[in-house]
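Structure first, then comments.
The values are calculated or read from the model by the stated rules, or taken from the named source; none is laboratory data. Owing to the predicted nature of the structure, the values given are computational and were not obtained by experimental measurement. Virtual Cβ from ideal backbone geometry, glycine too; neighbours counted across all protein chains shown. Heavy atoms of the whole protein, side chains included, go into the accessibility calculation; ligands, DNA and RNA do not. Shrake-Rupley method; radii C 1.70, N 1.55, O 1.52, S 1.80 Å.
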Amino acid sequence: MNLFFFGIYPYICMSIFLLGSLVRYDREQYTWKSDSSQLLYRGQLILGSRLFHLGVLMVFLGHLFGLLTPLSVWEFLGVTHTAKQIFAMSMGGLFGSLAWIGLVILIHRRLRCERLRANSTWRDYLVLGWIFITLSFGLSTIFVSAHHLDGEEMVKLMEWAQHIVTFRVSASDYIQGTDIIFRIHIFLGMTFFAIFPFTRMVHAWSGFGTLYYIIRPWQLVRRR
């Protein structure tokens, strides 16, 4: 079970994430959007959306650099495992809480407004619920980490993530024995990438795509 969920399952999720996004963009471009609800009901949208997007983007970047930066780099910089863990707990707690509060506002907004409920699909509730549960477990890991500030469990998670992205078969060995809260949080996070292509979350790709406009050629417009 450990080998499957933390040695094989990550590649299943990433394959669905990449291929599913590609197929949807190729076949269903009219559905490639965030389905903004601002025209239906603007109340609470700006506050909830800004808190959520700021928090979740910073959490994503924190996980990306925190897990995938080699240990040798931290050692070269003179950052101890304890210092890194305290910093990760502080920043993760701050931005994770912002994302969680923003998401609660957005969920409450969608549930209380009849017009929004009528225009919502089961995919909308799936992705909102899944992110809510994932964030909740992520925030709960802070309380678990507070009981062991030596950073050793954090190092195991870093080794696991770096072994996964470098396609080394021993990745699952590093996560075995870590606290169940961490493993549930990782499972939820990996599964989120699997459901990503089938929800409105595909609009996140377009955020990276906008960088293309910096270098794209001028659009030629000719009169009739």
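Could you grab me the full set of residues in region 64-74 that are open to solvent by less than 70 Å² (accessible area, probe 1.4 Å) and over 21 Å from the mean Cα position of the chain (by Cα)?
Correct list: LEU71, VAL73, TRP74.
Any chance you could count how many residues in region 75-87 are assigned to a helix (DSSP H, G or I) and either open to solvent by 60 Å² or more (accessible area, probe 1.4 Å) or at positive phi (or both)?
The number of residues fulfilling the criteria is 5.
Quick one: would you say GLU75 is acidic (Asp, Glu) and farther than 21 Å from PHE198 by Cβ?
Yes, satisfied.
Restricting region 20-48 to residues that are in contact (Cβ under 8 Å) with a residue 40 or more places away in the chain and open to solvent by 70 Å² or more (accessible area, probe 1.4 Å), which is nearest to ALA194 (Cα to Cα)?
VAL23
Spot the failing condition for SER90; the list is (1) among the polar types (S, T, N, Q); (2) without any contact (Cβ under 8 Å) to a residue 60 or more places away in the chain; (3) assigned to a helix (DSSP H, G or I); (4) open to solvent by less than 40 Å² (accessible area, probe 1.4 Å), and only one is missed.
Checking SER90 against (1) among the polar types (S, T, N, Q); (2) without any contact (Cβ under 8 Å) to a residue 60 or more places away in the chain; (3) assigned to a helix (DSSP H, G or I); (4) open to solvent by less than 40 Å² (accessible area, probe 1.4 Å), the one that fails is (4).
Looking only at region 145-158, count how many residues are under 19 Å from ASN2 (Cα atoms), touching a residue at least 40 places away in the same chain (Cβ under 8 Å) and of a type outside the set (Val, Ile, Thr).
3
Quick one: what pairs do we get from region 49-63, first residue crowded, with 17+ Cβ neighbours inside 10 Å, second hydroxyl-bearing (Ser, Thr, Tyr), C-beta under 8 Å, 6+ apart or different chains?
Between residues of region 49-63 that are crowded, with 17+ Cβ neighbours inside 10 Å and residues that are hydroxyl-bearing (Ser, Thr, Tyr), the close pairs are GLY55/SER97.
Can you find even one residue in region 108-127 that is surrounded by 16 or more Cβ atoms within 10 Å (Cβ to Cβ), in a helix (DSSP H, G or I) and at pLDDT 95 or above?
No, that holds for no residue.
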